[in-house]
Amino acid sequence: MRPAAIIFLLLFSIVLAAQNSDTLYNESDLQTFVKIKSTSVTSGLNIDSIIQEVVITSGISIDRLQEIIKNGFNEKSEILTESEKKSLLLFQDAQTNYAKNKRARLMYLCKKENMSVEKYEFLHTKFIKSISFQQSLVPLFKLQQAER
């Protein structure tokens, strides 16, 4: 009977430890997360300006580019001119560069604020998945906004 009780207590403590993984961060971490999140949104990369640059560089209209992308998602085959193919390649390159630059910016901001990227990503995942977590951060976002 005694070994069964010990095993039960051991398993129970492991389960509790797993459930309390949210305690891997403190108030300071939350403030830092909010600061990084706010900075990345307000002064980050702008996908709209990247698309406009592709449109201006390639000479294709924004409506035509949208139509090509939409047809690609709907798996409709369409004959593209050489300039349209070039525009699509420029757009794909811009998307790749955007993703790389966004990641590099995140790493820079995390380093600047002394937070590991892993901890930021953990909190960001929690932020995306949990409305109650988002709501708990509203006062910190308001405070961050007031400081700007």
Q) Tell me, what ³J(HN,Hα) does each residue in segment 29-43 have, in order and in whole Hz, if you take phi through Karplus 6.51 cos²θ - 1.76 cosθ + 1.60 with θ = phi - 60° and put x for Gly and Pro? A) 4, 5, 5, 5, 4, 4, 5, 5, 4, 4, 5, 5, 7, 7, 10
Q. Straight-line reach from K119: which lysines have a Cα under 28 Å away, not including same-chain ones fewer than 8 places off?
A. K35, K37, K100, K102, K111, K129, K142
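Between E82 and S49, what's the calculated FRET efficiency when r is the beta-carbon distance and R0 is 25 Å? Round to 0.05. Walk me through the intermediate numbers first.
Working: r = 26 Å, r/R0 = 1.02.
Using R0 = 25 Å, I get an efficiency of 0.45.
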Q: Please report how far the C-alpha centroid of segment 24-38 lies from that of segment 98-147, rounded to the nearest whole angstrom.
A: 7
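A short reminder: the numbers here are calculations on the coordinates, not readings from a lab. Nothing here was measured: the structure is a model prediction, and the numbers come from that model. Cβ sites come from the backbone with ideal geometry, for glycine too, and all protein chains shown count toward neighbours.
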